[in-house]
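To start, the structure itself, in structure tokens.
Just so it is clear, none of the values below were taken in a lab; they were calculated from the coordinates. Please read these numbers as outputs of a predicted model, since none were measured by experiment. Please note: Cβ atoms are built from the backbone with ideal geometry, for glycine as well, and neighbour counts cover all protein chains shown.
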Amino acid sequence: MNLTLHLTRSCNMDCTYCTQEKTAVHMSRAVLHAACELAFSEGIGAGFCFFGGEPLLCEDLIFEAMDFCKLRSEQTGKPVCYKMTTNGTLLSDRMLERAVREHMEIGLSFDGLGQDICRRYRDGRGTRTDVESAAKRLLAVMPDTSAMMTAAPQAVPVLADSVRYLYALGFRRIHLVPAYGRRVTWDASALDALKAQMTEAAAFYADRLKRGDPFYFSPVESKIRNLLNGVKCSDRCHLGVSQMPVAPDGSIYACNQMIGDAEYCLGDVFSGISHEKCAALAAKKMMPAQCWSCPLSHRCLHSCGCLNLLETGSVSEVSAMQCGYEKMLIHLADATAADLYETARSQFDRYFRRNWDA
């Protein structure tokens, strides 16, 4: 079983687009141990993603979890794996050494040149210098570290340059999503700028692939790979099935943005998960009515109930911004793939036949 452990609701940053309410609540050792036991109780292995808030505010809990799980793995014979999403500003040498030893996958939240526009410390200071330093330390020993980039309207003008900047730092896995939620407003001008910047970033992505030094750029490459492999986007979104989040109090929810919503609480780490609630959620119709006749519906993230809930207040209603962005992205991915296929066929075939899980 895979669980995302929300170790704290606190953070040392105050990002302009953050959707979480910050509180000083941390997960207790009792909840942590129960979550670890639950993960090992079902399935052939256990997986944990350390999350927050900022999880490194609870560094000792992360070490305790790994120590506890090492023992349980030896006792049960089941493998265990770890991931962490962090802003990097609190990364200690001790944590870095342990992360390398445990083969932890790390996603570094880093907006590149837009970092200080949207991601500042709570006292107003910029964070780019500190996060760049953390990035260099991570990449030196963990070259597969992912840059987790969020595109907010006010930082869109530097989006393409930020992708180039992150690439120059050494990142070869760059994930990018638009900022969503009540603290973000996308007007027509910002959306036009987003399209132009994404087109420029996609051109850079294609150029690097042609030159034999490719990188994973999630918004474009995932659409291409899904199409080539016949994967529907809706097949990748399973509320209450995989990577369920555990709140600091031990409650288990269907997805991260649903924490605190009783309707989507599926149980807790002490009593377990309600399979009846999971089944009811799985049976719920997630496709918005306006998507039924759309020829792109099988390639669109309209079925992401978590995102829909965040944007519109309903798991089965997609926002205009999300709809427009997905259509733009699909057309951009198709144009990029067509260009690569026509002008760099051998590189295209070699790269997209690689067993590189997106």
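Worth a mention:
- Set of the range 300-340 residues, backbone N closer than 16 Å to the point 7 Å along the Cα-Cβ line of Thr185: 321
- Packing order of peptides 63-70, 52-59, 187-194, highest average first: 52-59, 63-70, 187-194 (average count of other Cβ atoms within 10 Å over each peptide's residues).
- Helical mean residue ellipticity (222 nm; -39500 (n - 2.57) per DSSP H run of 4+; nearest 500) of the chain: -13500 deg cm²/dmol
- Angle of helix 159-169 to the longest C-alpha principal axis of the chain, folded into 0 to 90 degrees and rounded to 10: 70°.
- Counting other Cβ atoms within 10 Å as a rough exposure proxy, the listed residues His331, His302, His103 run His103, His331, His302 from fewest neighbours to most.
- Under 23 Å from Lys327, Cα to Cα: lysines that are on another chain or at least 8 residues apart: Lys195, Lys223, Lys232, Lys285
- With respect to the chain, whose longest principal axis is taken over its alpha-carbon atoms, helix 59-76 is tilted by about 80°.
- In terms of its alpha-carbon gyration tensor, the range 113-170 comes out oblate; a/c meets the 1.5 threshold, while b/c is at least as large as a/b.
- Distance between the modelled labels on Glu102 and Glu42, one decimal in nanometres: 2.2 nm (7 Å Cα→Cβ projection).
- Counting only DSSP beta bridges whose two residues both lie in the range 2-285, roughly 25 percent are antiparallel.
- Lys136-Leu71 FRET efficiency (beta carbon distance; Förster radius 30 Å; 0.05 resolution): 0.30
- Electrostatic dipole magnitude of the range 35-194 [Cβ: Lys, Arg +1; Asp, Glu -1; Cα centre; debye, to 20]: 240 debye
- Lysines with Cα under 21 Å of Lys78, excluding same-chain neighbours fewer than 8 positions away: Lys70
- FRET efficiency for the pair Val177 and Ser271, taken as 1/(1 + (r/R0)^6) with r the Cβ-Cβ distance and R0 = 35 Å, rounds to 0.55.
- Sequence ranges 344-351, 11-18, 259-266, ranked by mean other-Cβ count within 10 angstrom, highest first: 11-18, 259-266, 344-351
- Extension gain, Asp261 to Tyr121: 0.36 nm times the residue separation minus the Cα-Cα distance gives 47.6 nm.
- Relative contact order computed over the chain (Cα-Cα under 8 Å; 6+ residues apart), in percent: 16 percent
- Basic side chains Lys and Arg get +1 at the Cβ, acidic Asp and Glu get -1 at the Cβ, and with that the dipole of the chain about its Cα centre reaches some 660 debye.
- Averaging the Cα positions of each part gives two centres, and for the range 304-358 and the range 127-200 these lie 17 Å apart.
- If R0 is taken as 25 Å, the Cβ-Cβ distance between Asp339 and Leu169 corresponds to a FRET efficiency of 0.45.
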